[in-house]
Amino acid sequence: MHDTSASYGLDTIDPPRLGLGLAVSVALGAAIVLVFGWGLDIDWLRRVAPGLPAMVPATALTLLVGGAGTVVLLRNGPRWVPFLCAAAIFVIISLEQVTSLTPAELRGTDAMSMASVLCAALLGLSLLLRSLRLGTASILVDTTGLVVASIPLVGYVFGAQTLFYNPLYTLMALHTALAHVAIFLALLLTDPRRGWIEVLLSQEPGSRMARRVLPVTIVVPLLLALIVAEAVEREFMTIEFRLAVLTFLVIASTVTAVIGFAHLTNLAERRSTEAEAAYLRSEMHRQQTELAAARSEKVAALGKLVGGVAHDFNNTLNVILGNLELLDEDSNRTNQRTYLSEAIAASNRAAQLTRQLLAYGRKSQLSPKPIDLESEVDGAIAMFRRVCPANISITRQFDETGLTLRVDPAALQQAVLNVLINARDALPEGGEIHLTGRREHLSGATVNGFHGAETLPDGTYATLAIEDTGEGMTPEIAEQAAEPFFTTKKVGEGTGLGLSTVAGFCRQSDGGLRIDAAPGSGTLVTMAFPATSGRAAGVTPARDEPKDAAAAPGGVLIVDDDEALTRVMKAQLERSGHDVRTAHDATQALATLDAGPLPEVVLTDIVMPGEMQGHHLADRIRQRYPGIEVILMSGYASEAQREAIEAAAGLPFLQKPIDVRTLRTIVGRATTPPGETGTGTPGA
């Protein structure tokens with residue numbers, strides 16, 4: 001027997017168990033009537049009260065056999081048993097019609113009424129259909145039997161003697177009607193997931209409300225009808241008036257039930273609305289809590305980043321300031337050159353730090369182009385071998401040749417070199433480093449994000465996996481490895497920006513970096529970039545420092561809101577023989593150009609105060625003064641950002657900080673007419 005108490009009816013009611021109780025009671029009651037009522041001639045067991053019809057042996061036998069078959073169904077017994085019970089019921093009905101099964105000496109006027117025969121036949125048919133697993137049809141049969149058996153019960157309640165003058169219900173005993181109602185209910189409960197019994201017993205809101213209203217719709221009309229019948233019996237009202245009163249009472253009870261049902265429906269809807277609102281408030285509170293936690297984590301990460309930047313920059317500034325102060329105090333020329341060299345070296349370290357931070361924040365200057373992954377990786381490996389100990393072996397494998405992607409080749413080589421150096425440092429006693437390149441389709445792939453995991457868009461990627469045989473790291477350390485200023489190396493051995501720079505480069509190239517590691521199992525670092533089908537450019541050699549170009553002195557206009565910066569750049573270019581003027585914003589620059597004389601080059605910052613930015617100024621200059629060369633500069637604008645600005649597309653660009661050799665070279669090339677050679681760079 002299946003446990004369905006959690007799905008149907010009240011929590012304390014198990015429909016199959018209730019049906020089993022009804023079926024057993026019917027079978028037991030029929031057996032008592034047969035054995036004691038007819039066998040031992042106990043009259044009140046046969047007819048309940050003197051003067052009422054008796055339950056004849058044939059009816060008792062059909063109820064006994066039908067009750068047994070129902071019990072087998074409810075216990076999930078073999079289907080042939082209810083089939084045999086159905087056959088036995090039809091045999092009993094046939095025998096009763098041919099020759100009465102009631103003992104002749106006790107028969108009297110008692111016999112099996114047509115209603116009893118109909119109910120017994122419906123009982124046998126229901127058992128037959130259920131044994132053949134025709135549950136839907138059996139529900140119709142059970143419901144019909146329930147209706148046929150319920151009518152005489154109402155007649156007994158009202159003492160309607162005229163009921164027994166009806167050919168259908170003549171001589172139908174009270175307990176015969178009760179037993180048939182019970183057995184048909186038990187049959188309906190054998191499968192409470194079908195028909196109207198499912199609607200009545202379900203735990204859904206409508207079913208719960210129906211169970212509350214149903215007793216009112218049954219009991220109230222019966223009570224009102226009894227009151228009216230009693231009034232007629234005592235001659236308080238005529239038959240016609242009784243009909244009018246009954247009609248009104250039925251209407252009143254129906255209206256009351258409808259109003260009650262509507263009230264319960266409104267309460268259920270109200271509770272549902274309140275529950276939904278409470279859920280939404282709870283969900284909103286949960287989301288706000290998660291958002292606050294995420295913001296807190298980002299603030300903590302930002303605080304760590306700011307702290308690391310401040311620490312490194314303060315150290316660098318201290319070196320620069322200290323050497324400049326010593327330069328001012330010490331008149332020894334040899335010492336002054338040493339102080340100056342130290343200050344310049346510290347300034348270059350600060351510039352490198354800003355470039356690494358820009359790479360981490362996807363703001364670095366990149367020049368992406370189609371490249372062959374294998375060729376660029378081989379170039380990085382060649383550079384790495386110069387600093388790789390002999391006890392570390394390097395192997396590489398590419399699943400296909402000509403694997404093309406669009407990235408900045410020099411930045412890619414630097415990223416690969418950073419990862420290889422980390423792998424080298426993880427192998428102090430020697431070991432192996434293996435590089436694997438392949439094309440693969442990634443779906444839902446996660447990579448190391450700014451603070452936590454990020455998901456790459458689904459698509460085809462060119463991946464480069466670098467694996468070492470070192471000691472590995474814990475998952476907690478692997479999650480933080482790409483964060484800026486996080487390092488497990490000793491003080492002075494690393495800045496904590498190597499992997500964060502690689503991660504930033506991968507993100508800026510529309511890819512990502514993933515770090516997989518476990519203690520004692522080495523580390524696997526995978527870079528993923530969107531694969532392309534374009535033709536790869538040649539291998540990019542390592543970038544050399546720009547050399548001073550022969551420059552023809554010419555007029556230059558520097559536009560930047562930082563006056564200290566414009567003073568330095570002006571002095572640097574004036575020492576190369578250029579005539580330099582400055583402007584602090586685009587409006588002043590246009591006024592200077594309008595006043596004349598016109599310069600040959602305008603060097604402008606992209607981001608400036610005022611409505612007109614550097615790229616707007618460049619566009620205005622190209623329209624009004626097409627002969628002037630415009631060079632853009634910025635401290636954070638990337639190649640992708642400039643390409644997104646129509647006015648900045650195709651213009652030369654300088655990434656701050658700009659060393660003097662690069663500045664003089666770029667400006668010198670711009671002021672040198674094609675096919676001519678300048679006069680040099682005096683004062684360089």
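Read-outs throughout are calculated quantities, based only on the coordinates presented, and are distinct from any laboratory measurement. Keep in mind the model is a prediction, meaning the values are calculated, not measured. Neighbour counts are summed over all protein chains in view; Cβ atoms, including those assigned to glycine, are modelled from backbone coordinates with ideal geometry.
Let me know the volume per residue of the alpha-carbon convex hull for the range 15-198, in Å³.
Details: hull volume 19.5 nm³, N = 184.
Each residue corresponds to 106 Å³ of Cα convex hull volume.
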Under the 0.36 nm per residue contour assumption, what length would be gained going from the current alpha-carbon distance of residue 95 and residue 563 to full extension? 156.4 nm
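Kindly rank 111-117, 609-615, 68-74 from highest to lowest mean number of other beta carbons found within 10 Å of each residue.
Details: 111-117: 22.3, 609-615: 17.0, 68-74: 24.7.
Ranking, from highest mean packing down: 68-74, 111-117, 609-615.
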Using the Cα gyration tensor of the range 555-671, with a ≥ b ≥ c the square roots of its eigenvalues, what is the shape: rounded (a/c below 1.5), prolate (a/b larger than b/c) or oblate (neither)? rounded
For the range 424-437, take each phi angle, set θ = phi - 60°, evaluate the Karplus expression 6.51 cos²θ - 1.76 cosθ + 1.60, and give the result in whole Hz per residue in order, putting x for glycine and proline. 4, 5, 7, 10, x, 9, x, x, 10, 10, 10, 10, 10, x
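Apply 1/(1 + (r/R0)^6) to the Cβ-Cβ distance of residue 516 and residue 382, taking R0 = 30 Å, and write down the FRET efficiency to the nearest 0.05.
Details: r = 27 Å, r/R0 = 0.89.
My answer for the efficiency is 0.65.
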Estimated distance in nm for a label pair at residue 289 and residue 460, the labels positioned 7 Å out from Cα along Cα-to-Cβ: 4.6 nm
Would you mind computing, in nm to one decimal, how far apart the modelled labels at residue 273 and residue 324 are, each placed 7 Å from Cα along Cα→Cβ? 7.1 nm
Please work out the Cα center distance from the range 559-622 to the range 113-133, rounded to the nearest Å. 104 Å
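Taking the Cβ of residue 385 as the center, what net charge do the other residues with Cβ under 13 Å away carry, scoring Lys and Arg +1 and Asp and Glu -1?
Residues close to residue 385 contribute a combined charge of +2.
Grab the beta carbon distance between residue 24 and residue 76, set R0 = 22 Å, and tell me the FRET efficiency rounded to 0.05.
Values: r = 16 Å, r/R0 = 0.71.
That pair, residue 24 with residue 76, gives E of 0.90.
Ranked from highest to lowest mean number of other Cβ atoms within 10 Å per residue, what is the order of the peptides 404-415, 189-200? If you can, show how the numbers build up before the last one.
Numbers: 404-415: 22.9, 189-200: 18.2.
The most tightly packed comes first, giving 404-415, 189-200.
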Suppose the chain between residue 587 and residue 151 were pulled fully straight at 0.36 nm per residue; how much longer would it get relative to their current alpha carbon spacing? 146.8 nm
What is the local net charge at residue 86, summed over the other residues whose Cβ is closer than 14 Å to its Cβ (Lys, Arg +1; Asp, Glu -1)? +2
Relative to a virtual label point 7 Å from the Cα of residue 43 in the Cα→beta-carbon direction, which members of the range 50-72 show backbone nitrogen distances below 13 Å? 50-54
